[in-house]
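Following: one structure in C-alpha cells, then a few remarks.
The values are calculated or read from the model by the stated rules, or taken from the named source; none is laboratory data. Source: prediction; values computed, not measured. Backbone-built Cβ (ideal geometry, glycine too); neighbour counts: all protein chains shown. Accessible surface is based on the protein model in full, side chains and every heavy atom, while ligands, DNA and RNA are left aside. Shrake-Rupley method; radii C 1.70, N 1.55, O 1.52, S 1.80 Å.
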Number of protein chains: 2
Amino acid sequence: MKSSTNDPSQPGIRSRFRSPHVKQVSVGGFWADRIKAVTEKTIPILQLRCDEAGMFDQIDPARPVPEQRIPFSTAFGGGKVRPVGGNVTAQMYWDSDVAKMVEAAALTVAFRRNDVTEAVIDRIVDMYEALQQEDGYLNSWYIRMQPGKRWTNLRDCHELYCAGHLIEAAVAYYQATGKRKFMDVIGRYVDHIASIFGAEPGKRRGYCGHEEIELALVKLARATNEQRYLELARYFIDERGRQPHYFLIEAEERAEEPGRFAHGTFEYNQSHIPVREQNKVVGHAVRAMYLYSAMADLVTEYGDEALRTALENLWDDLVTKRLYITGGLGPSADNEGFTSDYDLPNETAYAETCAAVGLIFWASRMLGFGADTRYADIMEQALYNGALSGVSLDGASFFYENPLESRDGHHRWSWHRCPCCPPNIARLVASVGTYAYGVSENEIAVHLYGESEARLELGERAVRLSQRTQYPWDGLISITLGLEEPAAFAVLMRIPAWCEKATLKVNGDVVDLAATLQRGYVRIDRTWHSGDRVEIALDLAVQRLYAHPNVRQNRDRVALRRGPLVYCLERIDNPAPLNRISLSRDAAFQVEFEDKLLGGVVTLQASAASEDTEDWPRTLYRSEPPRTSPASIKAVPYYAWDNREPGEMLVWLREA
Amino acid sequence: MKSSTNDPSQPGIRSRFRSPHVKQVSVGGFWADRIKAVTEKTIPILQLRCDEAGMFDQIDPARPVPEQRIPFSTAFGGGKVRPVGGNVTAQMYWDSDVAKMVEAAALTVAFRRNDVTEAVIDRIVDMYEALQQEDGYLNSWYIRMQPGKRWTNLRDCHELYCAGHLIEAAVAYYQATGKRKFMDVIGRYVDHIASIFGAEPGKRRGYCGHEEIELALVKLARATNEQRYLELARYFIDERGRQPHYFLIEAEERAEEPGRFAHGTFEYNQSHIPVREQNKVVGHAVRAMYLYSAMADLVTEYGDEALRTALENLWDDLVTKRLYITGGLGPSADNEGFTSDYDLPNETAYAETCAAVGLIFWASRMLGFGADTRYADIMEQALYNGALSGVSLDGASFFYENPLESRDGHHRWSWHRCPCCPPNIARLVASVGTYAYGVSENEIAVHLYGESEARLELGERAVRLSQRTQYPWDGLISITLGLEEPAAFAVLMRIPAWCEKATLKVNGDVVDLAATLQRGYVRIDRTWHSGDRVEIALDLAVQRLYAHPNVRQNRDRVALRRGPLVYCLERIDNPAPLNRISLSRDAAFQVEFEDKLLGGVVTLQASAASEDTEDWPRTLYRSEPPRTSPASIKAVPYYAWDNREPGEMLVWLREA
C-alpha cells in the first residue's frame, strides 16, 4: 500500500517501522511458557465461556432469539456488581467478546495449525455469514435483539467497537490460515459502514463511543493494501470531538436529554474536544489507549505532524503523572479510567488488564515512526507487569483489576460478567513476538529481548535473527543474523533506560555506546554477513524506585525492580503482615533463580525490620511508636502473584 | 417505673445511672455556639428540605398520592449514586426523616419555646393523626404508596425503624412542650405493633431489619413509666437472629428467593445469630450502634448479665480493632459498615456521621450500668470529632461520610439523597448537655466537661451543678454545687484516660487521685453544702498517637490529639501538598488559641520537612529518594475542617 500525506507539498513522516506478522517470529524461553498456557488452556476456556454465556445463541440466526439480560448489573458470572448507564447490557458487546476469542485463537493457530480450533472458528464464521444482512450490516445485538435500532446510539452501545473487533479477528484468521471467507464477510460490512458514516454530504458524521474500529481499519488496510479503509479510520479520528457534537445530535434524535448518560462527560470517551487538541489522558482508560493507538498508526501512515504533537503531549502526560510502576493505568473503578494527576492508589487501583494491553498497543505504534526507548521501555514495563499479571501462570484464571496492594481480598477468577480481559491478554501473549521487532525499508529495530527466531523481510531480502538469551532472568543476549547473501542495512538495538550499565559487541568488537546511542538505540549500520553476531550485556541490578513526591500513596515507600520486572511481596513468602515490614535503606539483595517456584523465577531476598504487636496493649492507638524486630523478606515478580495460596500482596514497601 | 429482673432470684444490675432530661442542662461555651447554629440554621433547613423533597405530600392524607421515586439511585439531591437492594426507595423511610427533624426541632424548643417551630411540628402531628388507621397503624409509605403490603418485608423496608423514630420524636416533643397529642397517636401505634409482633402464640415473631424501635421503646417506657413498652423492646432484642430465621420465613411468604437481598448476609443487620452470642461488630454500622444501644438500655433496666457480657465483647472488638481515631466507624461504603479487623482506610473511610452519633448513643448507655471512663472516653472522642465533623460551623451544610484524608474531592453538601445524617447530628448537638451527666439514686456522675448549668434531681433532692470552664480549649474546670440544704451523696468526676496529669480539689483540698480513682472516676462521697466547689485541672498536652501495627494505612504516620480533640492539616494552612510533609519525631508544638479562626480554635504549629519536586526529572519514578526542605505546619481541630476554602485534608501525618 502506498503511503499518502495530509498535504502533498509536505511529505511529512513516511511510513517507518512496521511490526512483523505473528508467523514470522517463533518465541522460546520465558514467553514460550506463557504462549503454551494460553494456547492449551486459555483458548479452550474462552470458547467454552462464550458458549456457556449464550453468545452463540445470539449470533446464530438458526437458533431462537435469546432473552435479554437486563439490567447489566445482574448479568451472569463473577466479579463485583457495578451500576452502568441504563442503555448498556452485556449482550450489546458480545460480538466483540466472540471476535477477540476468535482473534486470540487465530493467533495460536498461526504458530501451529489446529483442526479443532479452526473448526470452531469456521463454525462462527458461518454463523456470521448467515447473520449478515443484505446490505452488509453485521451486529448480532441489533439484528437479533433490537431490530430497527441500528446506528441510533453510537455513544453507548459499542456498535462500531464490535465491528472493529470483528475486523481484527478476520484479519488474524486470514493471516493465520489463508482462509478468506471471514475477510469477505467483514469487507462487505466495512463497505456498508463506509456508506453510512463519513464527512461526505448525505452521510452521518458519527463515530463510536468506544474507540477500536479506527485501529482495526488500519490493520485491515495494511492486510489488504486498500487505502479506503485507512481513509475511513482517518475520518473517524478527525471527526471525534468536533462541534456540532455528534453524540448530542444523536441524543436529540432519540428524544433523550443529551446530558443524561454514563459519567456525564465526553471526556469519558475522549470526545470532549477534537483529538489534535487533546493533551491530557482522560476518561475510560481502554478507550483512550485504543484511540491513541489508531492516532499513532495514522501518524505513521500519513505523517500527520499535528496528530504526532498531540500524541507526544498525551504520552508525556501519561508517563509523568498517571502511570503505575507496573505499567497499569486508570486508577478508578468508577469510570474505569483516569482521575487526577498523581492519583495512583495502590489497593483500590483499577488498572484494568485491557488498559495495560492497550498501552502496549499504543507504545508499539509510537515505535512506528521511529525507534525510541521511551516508548519501548513503557511497552516492556506494561508487558511484563501490569498486562501479564492479568492471566494466571496456567492460563486458566484471570485478573480484571490489577491493584498494587491486596489485603487478601483480590483473587483471580475463572470468568467475569464483562469478559473483555481474558481474550485481550490472550491475543497479546499469542502475538508477543510481533512486538519485539520493527522493520522499515532499510532498518531492523530490536525492541524487546527474549529467546526467539525471527524471519523478517527487509524489502526483498530475508533476514533471520536468532536471539539466544535467558532474558528477563539474565541480561546476556546474543543475536545471530542469517542472510542469503551479505547486505547493507542498519540494525537498531535497544538499550533500556532502566539499564545503568550495558555493553554491546559486534562479532566480539565492543561498540562505544555513549557515542552511538540515539533515543536509547544503538544503530549498527554496516554490511551484514550470515553468522554475524551482536552480543549485549544488560546489567540487571536490583533497583529501588521512589515515586514523585506528589504521589501521596507512596510516601516513605519503595518499589523493587530488576530488569523489566517489578517485584512484590506475597504473604506466603514473608514473616509478618506486609505493611508491618520495613526495608532498611541500605539492605543488600540476594538474587536467586528458583526453578521450582512459580514456573521458575528470580527471587529477591533482603533483611528488614518488622513491627511487633506483642507489647501492644489492648487498644488501637497508643502514644509510643511500635517496636520492631529484625526480619527477612522475599520478593517475587509482580506478574506471578496470586498463583499460590491466597494472601496479602504489596508492591510499594515501607523503607526506613 | 420499677425495674424488673430476668430472674427474680437474681436481682442483677439494678437501674443505675439515667441521663438528665434536655431541659435540665443549659449549655454554654463551646457547645452553645454549636447549639445556636443548629437551632437557627439546621432546623429551618431540615424543615425546608423535607418539604422540598415532597415528604409531606406523602404523609398528608389530604393531598394526592405522590409518584413513586424509584429506583433509589436516581432519587433527588446530591451525593454519589449508589446501588441499593431493589426493594428500597428513599420514600420508604421518609417517616424517619420527618421524625428526626421533629425530634431535633423539639429538642431546641425545649431550651427556648418557639411558636414557629411548634406550629410546624403541630401541623405534622395533625397530618399523622389524620393518616393513622383505625387499628392504630401509622406508616405513610404503606398507607399511601403501597397499601396492602404492610408488615410483609421487615428485612428491607424500614417499617418498624420508622415507627421507632416517630416514638422518639413524640417523646421529645412531649417532654419539650407538654403537648400530648403526638404521644397519644404514637401510643396507639405502639399498641398496634405489640398486637402484631411478639413471642405469644398467634403473633408474628418479626423484628426490624434496621434496628431503632428497640431503643425508642425504652425511651417511651421511661417517659411513660409503662413496663409493657420495655417488654416489647426486650422481645425484639431477644428474637433477633433466632432460628427459624424470621427473614427467611418472610421471604418465603413473599415467594422470593430467600438468599437474594442487599449484601447477602444477615450480618448486615446483625441478625446472623442471637444477640447474646455476638462478639464481633459487623454489618451496617448505624444498625449495629442502635442495636447495642438498646441492648445496653436493657442491661440497665433488667440487669441482664448475658446481654452485658455480649456488650463487653462487642465493645472490646470495636475499640481494639475497628474504630477510627476520630470515633468514626464503618470504613466501607459498600455495606455502610464494618469490614475486617484493623481495616481503617483514611481516604475512603465511610465513617458515616450517623454511625458516630450512634456510637455516642451506645457509649452513653453503657454508662447506665456504672461510671467507667472507657465508655465516656469513646463517647467524648466520637462527639468532638467524628460526629461533630458532620455539620458545618454555621449549621448549614453537612458531611455524610467523614474520611480522615481528602485530596480535595470531599466537601460538605447542602442536602443528600439519603438525608439521615443532618437531623441525627442536629438532635445530638441539641441534647448534648444530657450526655454530660448521669444520675442514680444517690450518685451524680460527671461524664463530660463543658460550661453548663445542670438542675438535677437526686431522689427528692434538687442539686444544681454550675460548671465553669473553657474546655475543650483549656483543662481547668470548676464545678460549684447548689443545694437547698446539706445532703450526703456521691459525686463521680471523670478523669479521662488520655489525660496523663490531672489534679482535683474539693473546696481547695487536693484529692489523692491515685488512691481514689475507680474505672477512671474519682468518687467523692460526702455531705455536700451549697457553694461547695470541685476544681479539676486536666493537662491538655499535645499527644502523638500511633496506630496498632496491623493498621496498614497508618504505618510511619502519627495523629495529633490535644484533650478530646483530634487534629488535622488543611491545605490552606500549610505550605505543600499534605503528604509531602513529614513531622520529625522530636518537633515541639506551639499551641495557640486563635479567636478569629473557625469560630475560635486552638491551633498547633510545629516545624517539619517537606519533599521537594524542583529537582525531580520529568518522570514519575526515579532511583534516588526525594530531597526535603524545612517547612512548618499548622493543625486545626478535625471537626472544623472544610469550613474555609476547599482543599486537601489529612489526619495521619507522616513522621520521620
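Taking every residue in region B:239-264 that is without any contact (Cβ under 8 Å) to a residue 40 or more places away in the chain and pairing it with any residue that is open to solvent by less than 10 Å² (accessible area, probe 1.4 Å), at least 6 positions away or on another chain, the pairs with Cβ-Cβ distances below 6 Å are B:Gly241/B:Ser271; B:Pro258/B:Ala251. Under the condition of being hydrophobic (A, V, I, L, M, F, W, C) and over 17 Å from the mean Cα position of the chain (by Cα), the residues counted in region A:315-336 number 1.
Restricting the first member to region A:332-353 and to residues that are within 11 Å of chain B (Cβ to nearest Cβ), and the second to residues that are open to solvent by less than 10 Å² (accessible area, probe 1.4 Å) and assigned to a helix (DSSP H, G or I), the beta-carbon pairs closer than 8 Å and six or more apart or on different chains are A:Leu344/A:Asn554; A:Asn346/A:Asn554. When the residues of region B:304-331 are filtered to those that are away from every other protein chain (no Cβ under 14 Å) and in contact with a Phe, Trp or Tyr (Cβ under 8 Å, 6 or more places away or on another chain), the one that is most open to solvent (accessible area, probe 1.4 Å) is B:Arg308.
Looking at region A:515-522, is at least one residue over 24 Å from B:Arg580 (Cβ atoms), more than 14 Å from chain B (Cβ to nearest Cβ) and among the charged types (D, E, K, R)? Yes, region A:515-522 contains at least one residue that is over 24 Å from B:Arg580 (Cβ atoms), more than 14 Å from chain B (Cβ to nearest Cβ) and among the charged types (D, E, K, R).
Looking at A:Ala497 and the list (1) within 14 Å of chain B (Cβ to nearest Cβ); (2) surrounded by 15 or more Cβ atoms within 10 Å (Cβ to Cβ); (3) touching a helix residue (DSSP H, G or I) at 6+ places or on another chain (Cβ under 8 Å); (4) assigned to a loop (DSSP other than H, G, I, E, B), which single condition is not satisfied? Looking at each condition in turn, A:Ala497 falls short on (2).
Going through region A:65-77 one residue at a time, which ones are away from chain B (no Cβ under 14 Å) and either modelled with pLDDT of 95 or more or within 20 Å of A:Arg412 (Cα to Cα) (or both)?
Matches in region A:65-77: A:Phe76, A:Gly77.
This table checks each residue for (1) out of contact with any Lys or Arg (no Cβ under 8 Å at 6 or more places or on another chain); (2) in a loop (DSSP other than H, G, I, E, B); (3) open to solvent by less than 10 Å² (accessible area, probe 1.4 Å).
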{"residue": "B:Ala105", "(1), (2), (3)": "yes, no, yes"}
{"residue": "B:Val109", "(1), (2), (3)": "yes, no, yes"}
{"residue": "B:Arg113", "(1), (2), (3)": "yes, yes, no"}
{"residue": "B:Val171", "(1), (2), (3)": "no, no, yes"}
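Of all the listed residues (A:Asp97, A:Asp126, A:Asp156), the sole one being assigned to a loop (DSSP other than H, G, I, E, B) and either modelled with pLDDT of 95 or more or within 24 Å of A:Cys418 (Cα to Cα) (or both) is A:Asp156. Among the numbered conditions (1) modelled with pLDDT under 95; (2) open to solvent by 70 Å² or more (accessible area, probe 1.4 Å); (3) more than 30 Å from B:Ala32 (Cα to Cα), tell me where B:Arg150 comes up short. Tallying (1) modelled with pLDDT under 95; (2) open to solvent by 70 Å² or more (accessible area, probe 1.4 Å); (3) more than 30 Å from B:Ala32 (Cα to Cα), B:Arg150 fails exactly one: (1).
Taking region A:553-599 as the range and being among the aliphatic types (A, V, I, L, M) and within 13 Å of chain B (Cβ to nearest Cβ) as the test, the residues that pass are A:Val558, A:Ala559, A:Leu560, A:Val566, A:Leu569, A:Ala576, A:Leu578, A:Ile581, A:Leu583. Out of the residues in region B:606-643 that are in a loop (DSSP other than H, G, I, E, B) and of a type in the set (Lys, Arg), state the one that is nearest to the other protein chains (Cβ to nearest Cβ). Checked region B:606-643; the qualifying residue nearest to the other protein chains (Cβ to nearest Cβ) is B:Arg618. For region A:283-303, enumerate the residues that are outside any helix (DSSP H, G or I) and surrounded by 24 or more Cβ atoms within 10 Å (Cβ to Cβ). Passing the criteria: only A:His284. Of all residues in region A:385-401, those satisfying the criterion of being in contact (Cβ under 8 Å) with a residue 60 or more places away in the chain and buried (at least 24 other Cβ atoms within 10 Å of the Cβ) are A:Asn385, A:Gly386, A:Ala387, A:Leu388, A:Ser389, A:Val391, A:Gly395, A:Phe399, A:Tyr400. With respect to the stated conditions, A:Ala376 is surrounded by 24 or more Cβ atoms within 10 Å (Cβ to Cβ), part of a helix (DSSP H, G or I) and more than 14 Å from chain B (Cβ to nearest Cβ). Report whether or not A:Val510 is more than 14 Å from every other protein chain (Cβ to nearest Cβ), more than 25 Å from A:Ser406 (Cβ to Cβ) and open to solvent by less than 10 Å² (accessible area, probe 1.4 Å). Against the criterion (more than 14 Å from every other protein chain (Cβ to nearest Cβ), more than 25 Å from A:Ser406 (Cβ to Cβ) and open to solvent by less than 10 Å² (accessible area, probe 1.4 Å)), A:Val510 does not qualify. Quick check: anything in region A:525-546 surrounded by 19 or more Cβ atoms within 10 Å (Cβ to Cβ), among the small types (Gly, Ala, Ser) and modelled with pLDDT of 95 or more? No - not one qualifying residue is present in region A:525-546. Of all residues in region A:453-464, those satisfying the criterion of being open to solvent by less than 10 Å² (accessible area, probe 1.4 Å) and either among the basic types (Lys, Arg) or touching a helix residue (DSSP H, G or I) at 6+ places or on another chain (Cβ under 7 Å) (or both) are A:Ala454, A:Leu456.
Scanning region B:458-493 for residues that are over 25 Å from B:Thr503 (Cβ atoms), modelled with pLDDT of 95 or more and not aliphatic (A, V, I, L, M) returns B:Glu484, B:Glu485, B:Pro486. Counting the residues of region B:537-582 that are part of a strand (DSSP E or B), aliphatic (A, V, I, L, M) and within 14 Å of A:Arg552 (Cα to Cα) gives 1. Scan (1) surrounded by fewer than 18 Cβ atoms within 10 Å (Cβ to Cβ); (2) modelled with pLDDT of 95 or more for the single condition A:Arg561 breaks and write down its number. So A:Arg561 meets the others, but not (1).
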